[in-house]
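Written out below as structure tokens is the structure these notes cover.
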Amino acid sequence: MFIKEELEKFQKDRPKSKELWQKALEVLPGGISHNIRTFGLHLIGGFPVFIKSSKGAQLKDVDDNEYIDCWNGHFAMILGHNPPEVQKVIKEYLVEGWHFGTNTEYQVKLASTIVKDNLGIEKIRFCVSGTEATMYASRLARAFTKRRLIAKAKLGWHGANDTLSYDIGSIVSGEASPGLLKAEQAGVLTFQINDESTFDLIKENSENLAAIILEPVLGGGGGFPVKIEFLKRLKEDAERYGILLIFDEIITGYRFTDSLFQNKVGVIPDLTTMGKIIGGGMPIGAVGGRKDIIDQSSPGVANQVLIGGGTFSGYPLSMIAGLKTLEILKNSHQDYNRINQEGDSLLNNLNRFFKEIKSQLIAIGYKSMVMIHALSKWIEQPSMRDISLFKDRKREALLQLALFNRNISGLHGLGSISMAHTHENILRIQEVVEEIAQPVSQSKIG
Ligand SMILES: Cc1ncc(COP(=O)(O)O)c(C=O)c1O
């Protein structure tokens, strides 16, 4: 009943999105240009909304529905949508042209800012996406160590490159996509975060391991924080065996503080991949770290490691938007504290409520990253493995749909809190999730 009513309301309020979706299905596989942008809604007979504008914490769709947005452009929009200061510099620059295919001062400035902010970044190379950055980091590591294997975290999402797209969907069955080599052929091992077995795996393969790559908080994998102790032990093992440690900070960089997360946890890896926030909402990726490793990519060296091309690498508007964003973030300590605290309380309050009503929902995250998983049964304290094993994608889609119906947009349940969210916004999000938790949990979904 709940699902039927929710679907009817969703469709009634969104005729233009529905029409666009039908057209999209004819020309785009699955109707989208990024797999997760169906928001799972197609699984239960819904369709994604089409957005036409944004401002602050708000998105507006083509049917003029407004949403408090928690997806924040795949975690990139930490200042909220369309921040006026960033919009201003983009507009000002646009009149000069926007793509020269050569060097600009802004690329030097953004690189210098990131190097200055972060002890572990001695040099940096810009590209256009995080997918490229993690591929290049792995290549640099293989070239530097002259070893074959890369160990990556199960569920870790590093973009859809051929190098690292293994064990991305489920820690239970880690089948690679058709078209990719099997993990052994591709030289990829996968490990479980926060688990002792990882250190055995590293030891057993120590002579052939070029790199260990992981996000300090698994983002696309569902918001699971990696314990600091685990990160420290990875660093120790990496040093012991001559393996390079790579942190993928494409989400966590500049998310919790005005620099990379590694500075806060006190574990400095050999290489770091960056993206999202550092481009201020424009396309960006970057790989940075130890000079001796990164310098392998310099055109001046013998046996140069190939990084790019990249027609759009160091894209001027990304450099400009990124610089302005980082400048604003430098003066945003109070806002960082505020959104980190809002995230902590939202996570705790939701989980307290879910437990009280024995809901099949669970909130997972770290500070301003807050996600909600839906399971196929109630488990008192589900582990990461339980969450993966009992994940109920249709129930998650129903959660997402019910949120849209109440003017909240999010992905992975919610996503993240931006500096544009007010305390009232967060209270409203909590109120809505609590309102729908029971029916979402109890609905029979075919
Ligand atoms: C941690 C992480 N690494 C890499 C990527 C890939 O970045 P992009 O989508 O810019 O290719 C993402 C994207 O979501 C990510 O979250």
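The values are calculated or read from the model by the stated rules, or taken from the named source; none is laboratory data. Computed from a prediction, not measured in an experiment: that's the story for all the values here. All Cβ positions, even for glycine, are placed from backbone atoms using ideal geometry, and neighbour counts span all protein chains on display.
Scanning region 238-260 for residues that are under 14 Å from Ala153 (Cβ atoms) and among the charged types (D, E, K, R) yields a total of 2. Against the test of being more than 18 Å from Val226 (Cβ to Cβ), buried (at least 19 other Cβ atoms within 10 Å of the Cβ) and free of Cβ contacts under 8 Å to residues at least 24 places away in the same chain, the options Leu375, Leu350 yield a single qualifying residue, Leu375.
Can you find a residue that is in contact with a strand residue (DSSP E or B) (Cβ under 6 Å, 6 or more places away or on another chain) and away from the ligand (no atom under 15 Å from the Cβ) anywhere in region 148-160? Yes, region 148-160 contains at least one residue that is in contact with a strand residue (DSSP E or B) (Cβ under 6 Å, 6 or more places away or on another chain) and away from the ligand (no atom under 15 Å from the Cβ). Would you mind stating whether Ile243 is within 16 Å of the ligand (Cβ to nearest atom) and either out of contact with any His (no Cβ under 8 Å at 6 or more places or on another chain) or modelled with pLDDT of 95 or more (or both)? So Ile243 does not fit the description; no.
Could you tell me whether any residue of region 297-311 is under 17 Å from the mean Cα position of the chain (by Cα) and assigned by TED's automatic domain parsing to the domain that holds Lys123? No, that holds for no residue. Return a yes/no flag: does region 387-396 have any residue that is in a strand (DSSP E or B), in contact with a Pro (Cβ under 7 Å, 6 or more places away or on another chain) and not aliphatic (A, V, I, L, M). The answer is no, given that none of the residues of region 387-396 is in a strand (DSSP E or B), in contact with a Pro (Cβ under 7 Å, 6 or more places away or on another chain) and not aliphatic (A, V, I, L, M). Cβ-Cβ distances below 6 Å connect the following pairs, each with a first residue in region 273-295 that is within 19 Å of Gly219 (Cβ to Cβ), a second residue that is in a loop (DSSP other than H, G, I, E, B) and of a type outside the set (A, V, I, L, M, F, W, C), and a separation of six or more residues or different chains: Met274/Glu249; Met274/Gly253; Ile277/Tyr254; Gly285/Ser129.
Across region 62-99, the qualifying residues are those that are of a type outside the set (Lys, Arg), assigned to a helix (DSSP H, G or I) and without any contact (Cβ under 8 Å) to a residue 60 or more places away in the chain, and the one among them that is nearest to the ligand (Cβ to nearest atom) is Gln87. Checked against (1) closer than 21 Å to Phe199 by Cβ; (2) more than 16 Å from the ligand (Cβ to nearest atom); (3) among the hydroxyl-bearing types (Ser, Thr, Tyr), Tyr166 passes all but a single condition, namely (2). Restricting attention to region 262-284, report how many residues are within 17 Å of the chain's Cα centre (by Cα) and crowded, with 24+ Cβ neighbours inside 10 Å. Selection size over region 262-284: 11.
Test Gly223 against the stated conditions and say whether it is closer than 22 Å to Ser418 by Cα and either within 15 Å of the ligand (Cβ to nearest atom) or in contact with a helix residue (DSSP H, G or I) (Cβ under 9 Å, 6 or more places away or on another chain) (or both). In short, yes.
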